[in-house]
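Shown next, in structure tokens, is the structure this report addresses.
The values are calculated or read from the model by the stated rules, or taken from the named source; none is laboratory data. Keep in mind the model is a prediction, meaning the values are calculated, not measured. Cβ placement follows ideal geometry from the backbone for every residue including glycine, while neighbour counts extend to all protein chains displayed.
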Amino acid sequence: MQNQKHLFNLDETVTYLNGAYMSPQLKSVERIGLECMQKKSNPYLISENDFFAEKRLLKERFAKLIDAPDSESIAIIPSVSYGIATAANNIHFEKGDEIIVLEEQFPSNYYTWKALEEEKGVVINTIKAPEPQLGRGSVWNDNILEAINIKTKCIAIPHCHWADGTLFNLEAIRKRSDEVGAFLIIDGTQSVGALPFSVENIQPDVLICGGYKWLLGPYSLGVAYFGERFHLGKPIENNWMNHVGSENFSNLVNYNELLKPKATRYDVGESSNFILTPMLSEAIRQLIEWQPAAIQQFCKEISAQSVQTLREAGFFIEQDDFRSHHLFGIYLPKEKSMATLKAKLSEEKIYVSYRGKAIRVSPNVYNSESDMEKLAANLISI
């Protein structure tokens with residue numbers, strides 16, 4: 001795969017290594033957004049079919065991206081927290097049930113579960129992150145597997161950790177969760193789009209993705225996969241579009257209480273958003289063309305030498321087998337000052353994030369080996 005920076009409008013004076021914060025907009029996605037916004041100025045151009053055609057296409061493309069069995073298992077959501085709440089509302093919890101989460105995972109995949117402690121009497125089992133040292137990712141994965149027991153009702157974790165890119169072996173976790181009948185809820189926001197994900201292989205009960213990071217889409221729109229255990233569930237909201245027969249506008253007041261099949265019932269109201277939905281659909285079309293495996297390999301190739309250089313200089317970066325290459329954490333040697341580092345990178349217009357104890361670096365197809373070398377040189381010089 002070749003560098004794709006020409007397909008974005010990034011400032012040439014900026015070194016943007018912060019895709020995990022927010023992706024830059026593809027030119028093609030920006031163009032579609034503007035065209036769709038202008039179309040609203042003449043609403044007679046928006047047909048009844050437009051309420052359903054674009055959202056159907058978005059679901060078909062996302063299903064293809066994640067190797068899902070069908071597009072009816074895909075829901076359009078406004079946020080990750082909405083998807084998590086939908087999942088939580090459709091699991092029957094009893095007092096003493098355990099929910100497994102990870103230390104310092106993203107708040108949207110924590111607060112909903114934490115609230116169930118008081119509401120339902122469940123127990124939150126937080127699997128702590130090992131200290132930054134050799135074998136950290138392997139130990140963390142082992143600790144998750146060991147924590148799953150007959151009391152475990154739900155495992156709610158990311159594919160890779162949002163702060164430092166630690167990878168979690170979802171197939172092994174799925175196998176262990178099946179042994180005790182636990183639900184597996186995955187936050188794929190920081191992985192899907194840049195890291196291969198196969199519903200067919202992993203068999204998650206739910207996969208939830210915000211659209212504005214590695215899916216390269218706009219803010220305020222996301223997508224989710226809901227497996228068979230959720231196909232007869234109850235949606236958070238009863239909007240007109242998630243009921244059978246909503247395509248027939250002239251018959252809407254002949255109310256139909258029957259919900260649409262599978263995950264379609266979980267679509268957020270106004271999921272046919274005439275601006276955001278086509279934008280996210282176009283972004284996913286581009287990702288399918290590139291392929292996440294190729295994106296991951298590209299990020300590995302442009303960062304490999306700089307990662308080695310930083311390790312030799314005393315920085316800790318997780319072993320390659322237990323981290324992603326599109327998002328990873330750099331832990332400073334004790335003698336380095338984080339405050340000085342932040343000031344230096346800001347001065348050089350190098351954009352990264354600071355999450356927990358790590359510098360979070362997240363390149364994508366618009367970056368180059370020289371971008372990574374520039375970052376490494378500045379970190380070492382401090």
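A compact table of results
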item: Pairs with Cβ under 8 Å, 6+ apart, first in the range 29-41 and more than 22 Å from Leu216 (Cα to Cα), second of a type in the set (A, V, I, L, M) and in a loop (DSSP other than H, G, I, E, B); result: Lys39/Ile46; Lys40/Ile46; Lys40/Ile275
item: Meets criteria (surrounded by 24 or more Cβ atoms within 10 Å (Cβ to Cβ) and of a type in the set (Lys, Arg)) for Lys213; result: yes
item: Sole residue being in the same structural domain as Glu131 (by TED's automatic domain parsing) and of a type in the set (D, E, K, R), chosen from Arg285, Arg355, Arg323, Arg360; result: Arg285
item: Contacts under 8 angstrom Cβ, first residue in the range 260-280 being outside the structural domain of Leu57 (by TED's automatic domain parsing), partner surrounded by 20 or more Cβ atoms within 10 Å (Cβ to Cβ) and part of a loop (DSSP other than H, G, I, E, B), 6 or more apart; result: none
item: Number of positions in the range 290-308 that are within 21 Å of the chain's Cα centre (by Cα) and assigned to a helix (DSSP H, G or I); result: 10
item: Selection count where residues are of a type in the set (S, T, N, Q) and without any contact (Cβ under 8 Å) to a residue 24 or more places away in the chain, scope the range 3-28; result: 1
item: Some residue of the range 186-203 being assigned to a strand (DSSP E or B), of a type outside the set (Gly, Ala, Ser) and in contact with a Lys or Arg (Cβ under 7 Å, 6 or more places away or on another chain); result: no
item: Residue pairs meeting the criteria (Cβ under 8 Å; at least 6 apart or on separate chains; first among the basic types (Lys, Arg), in the range 184-196; second modelled with pLDDT under 95 and in a loop (DSSP other than H, G, I, E, B)); result: none
item: Of the criteria (1) under 30 Å from Lys357 (Cβ atoms); (2) surrounded by fewer than 19 Cβ atoms within 10 Å (Cβ to Cβ); (3) not assigned by TED's automatic domain parsing to the domain that holds Asp142, which one Ala20 fails; result: (2)
item: Qualifying residue in the range 257-272 (condition: closer than 30 Å to Leu17 by Cα, in contact with a Ser or Thr (Cβ under 8 Å, 6 or more places away or on another chain) and not acidic (Asp, Glu)); result: no
item: Residue match in the range 236-244 (condition: assigned to a helix (DSSP H, G or I), surrounded by 18 or more Cβ atoms within 10 Å (Cβ to Cβ) and of a type outside the set (Ser, Thr, Tyr)); result: yes
item: Failed condition for Phe226, given (1) more than 29 Å from Trp162 (Cβ to Cβ); (2) surrounded by 21 or more Cβ atoms within 10 Å (Cβ to Cβ); result: (1)
item: Selection status of Thr152, without any contact (Cβ under 8 Å) to a residue 60 or more places away in the chain, closer than 28 Å to Gly269 by Cα and surrounded by 14 or more Cβ atoms within 10 Å (Cβ to Cβ); result: no
item: Scope the range 70-98; condition touching a residue at least 24 places away in the same chain (Cβ under 8 Å) and part of a helix (DSSP H, G or I); matching residues; result: Glu72, Ser73, Val80, Ser81, Tyr82, Gly83, Ile84, Ala85, Thr86, Ala87, Ala88, Asn89
item: Number of positions in the range 339-357 that are under 27 Å from the mean Cα position of the chain (by Cα) and under 26 Å from Thr13 (Cβ atoms); result: 10
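Okay, residues lined up against (1) modelled with pLDDT of 95 or more; (2) assigned to a helix (DSSP H, G or I); (3) buried (at least 18 other Cβ atoms within 10 Å of the Cβ); (4) not aromatic (Phe, Trp, Tyr):
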{"residue": "Met37", "(1), (2), (3), (4)": "no, yes, no, yes"}
{"residue": "Tyr44", "(1), (2), (3), (4)": "no, yes, no, no"}
{"residue": "Ser47", "(1), (2), (3), (4)": "no, no, no, yes"}
{"residue": "Phe62", "(1), (2), (3), (4)": "yes, yes, yes, no"}
{"residue": "Asp67", "(1), (2), (3), (4)": "yes, no, no, yes"}
{"residue": "Ile100", "(1), (2), (3), (4)": "yes, no, yes, yes"}
{"residue": "Thr112", "(1), (2), (3), (4)": "yes, yes, yes, yes"}
{"residue": "Thr126", "(1), (2), (3), (4)": "yes, no, no, yes"}
{"residue": "Pro132", "(1), (2), (3), (4)": "no, no, no, yes"}
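So that you can scan it fast, the table gives a plain yes or no per residue for (1) among the small types (Gly, Ala, Ser); (2) surrounded by fewer than 21 Cβ atoms within 10 Å (Cβ to Cβ); (3) farther than 18 Å from Asn90 by Cα:
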| residue | (1), (2), (3) |
| --- | --- |
| Asn141 | no, yes, yes |
| Pro158 | no, no, yes |
| Ala163 | yes, no, yes |
| Thr166 | no, no, yes |
| Leu170 | no, no, yes |
| Arg176 | no, yes, yes |
| Gly181 | yes, yes, no |
| Ile185 | no, no, no |
